[in-house]
């Protein structure tokens, strides 16, 4: 009983922190305003606000997906990036850019979504034996495809050097082109997806103890797995289709939460939502304000900030991952 | 009562169990005996509903296991696996609490009843003092007792154990077997246990199922199951029963 109340208190505190950070981050930027001007400026309403909301949504979704993959596959190295879903999406985006579809509202994003889903289907097809999933094969297939796809993208860039910069920017991830369209696209996916994952968070604990153990403790293992994998793939694919590949968030955020508060997914999942959102929001704010008027790729900021923090936590913590 | 009818199970083309039929009465303590690879673990997993046999059925309380959903089955059968997972970060208490899962709804808190059942099961298995310990901090015997506590927390009428003593020294083997004997006698739980050590089985398990060549060679009292002839057939070794102790030689 006591434990459960704590989850609500901590979640509420994290939510307050997140809202405060969103307000603060909306105030900083290359163009400076006082408060009156800010609320009337189209820069705030059409550029900054959707960008802030989008980074929060994507951060929350990527972190939770990483947490789910780590439990479902019982492997601490798993995240959307390692599984190859992110790079699958980047392939579609690169193709769309080469074909000159950037101007079209759905061009790059739609193509990214399509290839991401294609990639995950291919990986699952290779790794499934009967109705079970072989984790090592799954990870190796994901890693192989990531290499293959990055090779293909390099070839594309070498052939069409005029498009190089926009492809690079996409493969490194950026919220620079965030729009209200992206926000309205992601909100329903995020709400449904995050709710589904929270609903199954106790099952995730049992899956972590081994799929046979989970089954003998009353979990419908294959059904739960399939649902979780479907909803998380959808979340990753939609995220990547709006902002490109952003690594490190999905891997590191759930681990950081785990190192601090233990292995219980009923805490890891909700906390990861807020911490992931906060983390990506701050990283993106840094990306757009560090060297004005230029933009930095947000993926490099997440690694630059996240990696040392993660190593520090690993070093300090007595718990293994 | 567990009722196995015409059970056949094969992995791919390799048949492991062939047309097995037997009944296990409620409240009995059975050892499942047999040479390596004769299908003891497979039989246990079929009974637990973890494997679906190609033909035949396992009936629990008069209904085939396939007709229960995993939750209902987990309220009737608890299983202790051969190799407990050591690489997870749940404390012993959290691990045992998982045994209450079949009785909980999703998003629901643990009830006061869950907590007290967990405490009771951990005290019974002498693991209460380890409640904050992680699997990596426990010895093999301690971890095995925690796994038994989790199975007890499921409060099932049937308890299945797959070689729970295989990695333990002799004193801890006795300890586990005495614990099971106690549970069987006091609570009337039906226990099926896969054992390799024939003397351990002879000493603690009143009844036995002896498997040989994909089928059941004998069901009855353990002393009868472990006669010289049956041991010769099932294991290919010579054995003599001297004052209730088996002397085994090649």
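Derivation of every value follows stated rules applied to the coordinates shown; laboratory data play no part. Being a predicted model, the structure only gives us computed values, none of them experimental. Counting neighbours? That spans all protein chains shown, and the Cβs are built from the backbone with ideal geometry, glycine included.
According to the square roots a ≥ b ≥ c of the eigenvalues of the Cα gyration tensor, what is the shape class of region A:206-277, taking rounded for a/c under 1.5, prolate for a/b larger than b/c otherwise, and oblate for the remainder? Note, shape of region A:206-277 comes out oblate.
Taking 0.36 nm per residue of separation and subtracting the current Cα-Cα distance, fully stretching the chain between residue A:316 and residue A:191 would add 41.6 nm.
Contact order for region A:261-321, expressed relative to its length and based on alpha carbon pairs under 8 Å spaced 6+ residues apart, stands at 20 percent. Per residue of peptide B:94-107, the mean number of Cβ atoms on other chains within 10 Å of the residue Cβ is 4. The distance from the alpha carbon centre of region A:161-178 to that of region B:1-43 is 61 Å, rounded to a whole number. Here region A:98-222 is treated as an ellipsoid with the same Cα gyration tensor; its semi-axes, largest first and in whole Å, are 35, 22, 11. In plain terms, the bigger the Kirkwood radius, the slower the diffusion; for chain B, with that radius from Cα pairs, at 4 °C and 1.567 mPa s, Stokes-Einstein puts D at 69 µm²/s.
In chain B, Cα pairs under 8 Å separated by at least six residues give a relative contact order of 24 percent.
Using only Cα atoms and rounding to the nearest 10 degrees, what angle (0 to 90) does helix B:140-153 make with the longest principal axis of chain B? Helix B:140-153 and the main axis of chain B meet at about 70 degrees. Highest mean packing comes first when the peptides B:42-51, B:68-77 are listed by Cβ atoms within 10 Å, giving B:42-51, B:68-77. On the beta carbon distance between residue B:10 and residue B:166, with R0 = 30 Å, the FRET formula returns roughly 0.75.
Here the convex hull built on the C-alpha positions of region B:84-155 has a volume of 84 cubic angstrom per residue. Equivalent-ellipsoid semi-axes for chain A (Cα gyration tensor, √(5λ), whole Å, largest first): 31, 26, 17. With contributions of -39500 (n - 2.57) from each DSSP H run of at least four residues, the per-residue ellipticity at 222 nm computed over chain A stands at -25000 deg cm²/dmol. The Cα trace of the protein assembly as shown gives Rg and Dmax of 28.5, 98 Å, the first to one decimal, the second as a whole number. Taken residue by residue and averaged, Cβ atoms of other chains lying within 10 Å of the Cβ of A:207-215 number 6.
Among A:84-90, B:201-207, B:28-34, sorting by the average number of other beta carbon atoms lying within 10 angstrom of each residue, highest first, gives A:84-90, B:28-34, B:201-207. With both labels modelled 7 Å from their Cα along Cα-to-Cβ, the residue A:23 to residue B:185 distance reads 6.9 nm. Shielding by partners for B:72-78, please: the mean number of other protein chain Cβ atoms within 10 Å of each residue's Cβ. Per residue, the average neighbour count from other chains is 2.
Across chain A, Cα pairs under 8 Å and at least six residues apart give a relative contact order of 30 percent.
Taken along the Cα-to-beta-carbon direction at a fixed 7 Å, the label points for residue A:155 and residue A:77 span 2.6 nm.
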